[in-house]
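Peer 1: Structure incoming, see below.
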Amino acid sequence: MAFKLARLVAVVVSIGFSYGGFIGIFRADDPPGRKAFGCGLLTALLLLHLYNCVRTADGRRPRAWQWTLALQAVLTVTGLLMFASTWYGNTGFLAAAVLLLVRPPALAWGGFALVVAAQYLSGLQVRPTVWDALYLALGHAAFVGIALYGVARFADLVAGLHQTRTALAEAEVARERLAFAQQLNERVGTSLEQVVRCGEAVSAAAEPGTARAQLEAGLATARSALNETRSVAHASRDGAPAGRRVADDLTTPVVAGLGAATVCLMLLTSPVRQILKEQASGGEVVLFLVLLSAFTLIFLRACTPGDDDGRPRHWQWTLAAAAVVALAPSLVFERELWYMSIFLPALTAVLLRGWLRWAVTVPLIVQDFFTLTFAGVTLQGTSVVDQTYEMVWIGERALVVYGLVRMARLARDLRAARVELARTEVARERLRFARDLHDLLGFGLSVIVLKSELAFRLMDRDRERAQRELEDGLAVARQALADIETVAAGRRAISLDDELESAKTVLAAAGYEVDGSVTRLALTSELSSVLAIVLREGVTNVLRHSDGGRCTLDAETVGGQVLLRLRNDGVRAGGAAPGMGLDNLTHRVRAVGGQLEGEALDGSYTLTARVPLPAP
């Protein structure tokens, strides 16, 4: 909707500016055939401009734009040569096209300056003074070019903001991953490396006392690493985002610069030219310029987006001040010299809302008709064509200002939406960090603690078995170190078959008798990984929360579903309620269309996961 509105503003403003060109051709003292040719030339120029500058949402330049731009330049030069006295505003179409199509920007602005300079040289042929020629170049060619560039560029900005929202979110997630990886390496990786060094020192120690001391140190470090893993997991789930927030400030100066340039060219060029041409005293010139500057500053203030429904603070007083400065000087200066009231419709369109906007803006657009009817004063003339042209002239400038301010507000709102989207993506990434850290590293560290405790108890009785348990623990520690990188990168995948064998081995090492029915299943990598994580967390909970001696493990296909069940006895009375681990598992299983159930009954606990098999 926003992009369509931007395109509509660009089209309407373009047609409005061309209307003044058509009026100029009709007013000229040229033969009918020459006027018809001029109208055809301007129509072709307008259509080329719409093709070149009112673009699609992808922001790409149109096909064969070099040729259409060259043709637009030829038509513009032809018009300057044949209709020099009336063509001056139409050069703005070419100026806008150059800004929009030419790359890089420095070359585009150079081309823009060249077009404005060409209009100045052409103006010298038909206007008597340098000031008049400058007025044609700046007040018409430059103003029309920048205004058309602005409304088209804001349409590109809207599309660009939509298209880049994912990239911005991904950039924020990447920053979050880096911060998380650093935190994980500092708090867990260092402990794991110490566990590995202690284990290797135990293997190399010749004296039992030295080996026992090293093993005791390694066991304490393993327990610390397990606690750190839980701490980091909960901090990742609940904490504020780490790192600097992504914010795009590049569009702010573009919006402010284009808006200010458009307003200044619109408000200043013609009045300054008029007062310099008048035979006014020095005091009158100074007063005029001071009032004009005050009106311009108030106008810019009124067009600055704020927090009051997009309007600046105290906008009512700003609008009232603009009305006073626009009307009061009429007591000193003639209407033909001070006519700032024709710019008030732009402010009422920007600041008022609902029916009041149109009830005030529309009469202000036709104000020249009222002054002609009731006071006999007009800026353009008394004919229908003159009055129509004046209405279009006022209305198109009101629409330009409204479009620029509206797009500036929209850019601000969309920018805020992009930041919010990035925060949402970071929150999702933090949940993934927490789940993977708990499910993958938590299990490994639990096994390391278990193996280290077994080795510690067996050190004095069976040194050879203690060494085997220690080697198993070291292998798990090395794998956990490798898992740190994959958890942060989000690419860890594990196999259900491998996890089933690992679960049996770990449970047996912890003194559990393992039975049940395990069938080899043909699963996708996603389902295999999800069920493997369910099993890993289930085994971790058995090791942490029960003192039993029997565990039943089932994995089979039942009625188009994969059934994974883990039942153990010896559940401790008053044990901790299911926490982060089972919350994570529930999320993972539901993500693949499955169900997860946990049931405690008569001192035993059963964890059951059912996941539908994918269609063949």
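The values are calculated or read from the model by the stated rules, or taken from the named source; none is laboratory data. Since the structure is predicted, the reported quantities are computational estimates derived from the model, not experimental observations. Every residue, glycine among them, receives a Cβ derived from its backbone with ideal geometry; neighbour counts consider all protein chains shown. Just the protein is used for accessible areas: all its heavy atoms, side chains included, with ligands, DNA and RNA removed. Shrake-Rupley method; radii C 1.70, N 1.55, O 1.52, S 1.80 Å.
Peer 1: Report the one residue of Asn541, Gln595, Leu563 whose Cα lies farthest in the direction of the positive end of the charge dipole of segment 494-615 (charges on C-beta: Lys and Arg +1, Asp and Glu -1; origin at the Cα centre).
Peer 2: Farthest along the dipole direction, towards plus: Gln595.
Peer 1: What figure, in Å² to the nearest 10, do you get for the accessible area of Trp131 with a 1.4 Å probe and non-protein molecules left out?
Peer 2: Rounded to the nearest 10, that gives 150 Å².
Peer 1: Could you work out the relative contact order of segment 494-615, using alpha carbon pairs under 8 angstrom and six or more residues apart, expressed as a whole percent?
Peer 2: 25
Peer 1: What percentages make up the Cα-Cα pair-distance distribution of segment 43-110 when the bins are 10 Å wide from 0?
Peer 2: Result returned by the calculation: 21, 53, 23, 3.
Peer 1: Under the 0.36 nm per residue contour assumption, what length would be gained going from the current alpha-carbon distance of Tyr51 and Val286 to full extension?
Peer 2: Difference between extended and current length: 80.1 nm.
Peer 1: Given the Cα-Cα distance of Ala261 and Trp355 and 0.36 nm per residue of separation, how much length would full extension add, in nm?
Peer 2: Answer, rounded to one decimal: 30.8 nm.
Peer 1: Then there's this: If you bin every alpha carbon distance in segment 494-615 into 10 Å steps from zero, what whole percent lands in each bin?
Peer 2: Computed distribution, short to long bins: 13, 49, 32, 5, 0.
Peer 1: Let me ask something additional. How far apart, in nm, are two points set 7 Å out from the Cα along the Cα-to-Cβ line at Leu81 and at Arg520?
Peer 2: 8.5
Peer 1: Within 14 Å, Cβ to Cβ, of Val332, how many net charges do the neighbouring residues add up to if Lys/Arg are +1 and Asp/Glu are -1?
Peer 2: Charge balance in the 14 Å sphere: -3.
Peer 1: Could you tell me what percent of the accessible area of segment 494-615 is made up of carbon and sulfur, with a 1.4 Å probe and every protein chain present?
Peer 2: In segment 494-615, the share of accessible area belonging to carbon and sulfur is 46 percent.
Peer 1: Share of Cα-Cα pairs in segment 281-382 beyond 25 Å, in percent?
Peer 2: 25
Peer 1: Using a cut-off of under 14 Å, list every residue of segment 518-551 whose amide N is near the label point 7 Å from the Cα of Ala508 along the Cα-to-beta-carbon line.
Peer 2: Correct set: 551.
Peer 1: Continuing with the same structure: On full extension of the chain, what length is gained from Leu114 through Arg61, given 0.36 nm per residue of separation minus the C-alpha to C-alpha distance?
Peer 2: Once the chain is fully extended between Leu114 and Arg61, it gains 16.9 nm.
Peer 1: What accessible area per residue, rounded to a whole number of Å², is obtained for segment 494-615 using a probe radius of 1.4 Å?
Peer 2: 47
Peer 1: Can you spot the lysines whose alpha carbon is less than 24 Å from Lys451's alpha carbon? Ignore those fewer than 8 places along the same chain.
Peer 2: Those lysines meeting the cut-off are Lys504.
Peer 1: I've got another one for you. Hey, what did segment 487-566 get for relative contact order, percent, Cα under 8 Å, at least 6 apart?
Peer 2: Over segment 487-566, the number comes to 36 percent.
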